[in-house]
Structure formats: C-alpha cells, structure tokens
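Heads up, the thing below is written out as structure tokens.
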Amino acid sequence: MNKTISPYLELGKINTLRVDRDTTPGLYLMAEDGNDVLLPGQYVTDNMIENSLVDVFLYTDSEDRLVATTNKPHAMLDEFALLEVVDTAPFGAFMDWGLPKDLLVPTQLQKSPFQLGEKRFIRVVYDERTHRLVGSEKLGDFFQRRVKDLSPNQEVNILIITRTPLGFKCIVNDKYEGLIYHNEIFENISLGDKKSAYIKTIRKDGNIDLTLRKPGSKNSAQSGDKVLDLLKQNRGIMPYNYKSDATLIKDIFGMSKKEFKRSLTKLQDTGKIEVKDTGIYLK
C-alpha cells in the first residue's frame with residue numbers, strides 16, 4: 001500500500017512527511033503545503049533518503065518549537081493513557097508519556113494534587129493559550145453524552161480508568177463513559193486494562209452500564225470447563241465446595257458463588273467430579 005504525504009503538519013498526530021534536506025542537526029521533513037519540521041539526527045536511519053516518506057509524531061520541544069520523532073507516545077492528541085508522575089511543580093505535574101520531553105498536566109487540569117511515582121489517567125489535549133500539548137485529568141469534560149451508534153448487547157472496546165464504590169469506570173469506544181458494577185465482575189481487572197465488554201443499558205444521561213459477559217452465552221458450560229481445567233492444573237484436587245466463601249470463589253474461579261454451585265452440580269451429575277466436605281475431586 002502506497003503512503004500519501006500529509007497535506008499539512010499536525011501537532012500531536014502521526015504525520016507522513018517527505019525527506020526534503022539533510023542538515024547538521026538532522027533531516028528536514030516537508031508536508032504537501034511546503035511547511036517543514038526537523039527530525040533530529042538521533043532518529044535518522046540509513047533508509048531515510050531524499051524524497052522518501054517517513055512516519056513521524058509531531059510535538060513541541062523544550063523551547064516550544066515544533067519537532068518530529070519516530071517514537072510513538074503512550075497517547076496522542078485526544079487519546080487516553082495511564083501515565084506515571086515523574087516530577088511535580090507549583091504549576092503542574094510532569095508525566096512520562098514515552099518521549100524525551102515529559103507531558104505537563106497543569107494544576108487547573110488536575111482533580112487532586114499529583115504525587116511523584118503515582119499513575120493517573122490522562123487525556124492529551126491541545127492548549128490554545130500556549131499552543132502546546134498538555135494533559136488533562138478531567139476526563140468527564142471529553143465524553144460524548146449523546147450515544148448515537150450503540151445499542152444493548154452490542155460488543156464494545158473498553159479501557160478501565162478508575163475504581164469507584166459502585167464499580168469500575170471505563171472509556172467506551174474512546175468516546176463514551178461506562179460502568180461495570182462490582183457484582184458483575186468475576187475476574188481480576190486493573191486500571192489500564194483494555195477489554196471487550198457488552199452493553200447492558202444506555203442511560204438517559206449518556207452513561208453506559210456494561211457487562212464483561214456476552215449476552216446469551218452458555219456461561220454454565222464455560223464455568224464447568226473452567227472448574228475442570230483448574231482441577232487438572234491442581235492434580236485433580238481443590239479444597240473448595242458448596243460452602244466456600246463467595247469472595248474466595250470469585251478470586252479463584254472467576255465466577256459468582258451461585259454459578260459455581262450450579263457448575264459443581266452439573267459436573268457431579270455427569271460423573272466428572274465428586275464434591276466432599278474436604279473439597280472437589282476429579283474422577
């Protein structure tokens with residue numbers, strides 16, 4: 001597939017630019033409209049010859065000059081990422097986003113003061129006042145509230161962004177806000193996880209209730225297979241039964257206690273296991 005040169009230089013995005021000239025500090029790359037940008041020598045490779053096309057990310061350096069890099073940041077313009085705080089100052093915090101120049105999250109775009117070493121979910125945005133890329137933790141400002149292209153039971157892509165008393169908040173298809181309730185979760189999930197999920201309800205406020213389980217799937221059969229697989233991994237014996245604690249069942253088997261008990265009964269009825277006071281035994 002042939003590349004097409006970018007019509008103009010776009011800050012915060014991947015640009016396909018033409019190698020125009022070689023200089024001491026690096027290569028100058030040109031867009032279709034004639035504007036150019038420096039690709040510093042540290043990123044130049046032997047195959048970057050005159051008139052060849054190169055994919056680069058554009059951002060501003062420490063002197064606010066537009067500059068190119070072949071490195072890709074953890075998040076580009078209007079994208080979200082879980083980033084680590086590498087420095088703090090009275091005016092904001094600096095995040096490691098995978099480039100030599102750290103990403104500034106101004107104090108006014110933080111929900112609470114940032115601490116060195118912690119991780120926060122950030123959206124990369126354009127600051128019209130300084131003409132730079134900055135980070136914002138106030139993600140709610142960017143979610144679309146009119147859900148036009150989704151419907152119940154539809155599969156979506158989610159990014160887990162925060163834990164709340166109700167459940168885990170998610171970014172749905174990069175533009176909506178969703179929630180998976182704690183009682184809907186039967187597997188280990190962490191902030192930053194990317195998963196597939198299914199829509200349960202689209203609420204009037206534009207928020208979306210989600211489930212990790214495919215609607216209409218044969219959960220009991222899948223759960224039975226999981227129990228058998230774990231038994232085989234543990235030499236055919238596991239110290240759990242109908243009376244085991246629900247939290248323990250969720251952590252070990254990734255399912256609700258109700259589903260676990262139903263799976264045990266079906267497996268016993270088919271003669272695949274035996275359940276005793278001392279545990280589950282593979283036959």
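Since every read-out is calculated from the coordinates, none of them should be taken as a lab result. Source: prediction; values computed, not measured. Because the Cβ atoms are built from the backbone with ideal geometry, glycine has one as well, and the counts that use them run over all protein chains shown.
General remarks:
- Look at Lys169, Lys3 and count the other Cβ atoms within 10 Å of each Cβ; fewest to most, that gives Lys3, Lys169.
- Reduced Cα scattering model of the chain, Debye log10 I(q)/I(0), q = 0.17 Å⁻¹: -1.23
- With respect to the chain, whose longest principal axis is taken over its alpha-carbon atoms, helix 257-269 is tilted by about 50°.
- Restricting the GluC sites (Glu not before Pro) of segment 27-127 to loop positions (DSSP other than H, G, I, E, B) with no more than 12 neighbouring Cβ atoms within 10 Å leaves Glu50, Glu63, Glu118.
- Dimensions of segment 155-211 along the principal axes, based on C-alpha atoms and rounded to the nearest Å, stand at 28, 21, 18, largest first.
- Taking Asp46, Asp96, Asp205 as the candidate residues, the one with maximal mean-square fluctuation in a Gaussian network model of the chain, Cα springs under 10 Å, is Asp46.
- Centroid-to-centroid separation of segment 182-196 and segment 152-173 [C-alpha atoms, Å]: 8
- Taking chymotrypsin sites (Phe, Trp or Tyr not before Pro) across segment 1-87, the ones in a DSSP loop with at most 13 further Cβ atoms lying within 10 angstrom of their Cβ are Tyr8.
- Cβ-derived FRET efficiency at R0 30 Å, Asp46 paired with Lys214, nearest 0.05: 0.05
- Cα-projected label distance for Gln115 with Tyr281, points at 7 Å along beta-carbon direction, nm: 5.0
- Computed from backbone phi, the HN-Hα couplings of segment 64-77 come to 6, 9, 5, 9, 10, 8, 8, 6, 10, x, 5, 8, 9, 3 Hz, rounded to whole numbers (Karplus: 6.51 cos²θ - 1.76 cosθ + 1.60, θ = phi - 60°; Gly and Pro given as x).
- Shown for Arg146, Arg65, Arg163, Arg120: other C-beta atoms within 10 Å of each C-beta, ranked fewest to most, produce the order Arg146, Arg65, Arg163, Arg120.
- Positive minus negative residues near Ala81 (Lys, Arg vs Asp, Glu; Cβ under 14 Å): -3
- Anchor Lys232: aspartates and glutamates whose Cα lies under 16 Å away (excluding residues fewer than 8 positions away in-chain): Glu274
- Filtered GluC sites (Glu not before Pro), segment 174-253: DSSP coil and at most 14 other beta carbons within 10 Å: Glu187
- Helical contribution to [θ] at 222 nm, DSSP H n ≥ 4, -39,500 (n - 2.57), averaged over the chain, rounded to 500: -4000 deg cm²/dmol
- Shape class for segment 14-69: oblate, because the ratio a/c of the largest to smallest gyration tensor axis (alpha-carbon atoms, square roots of eigenvalues) is 1.5 or more and b/c is at least a/b.
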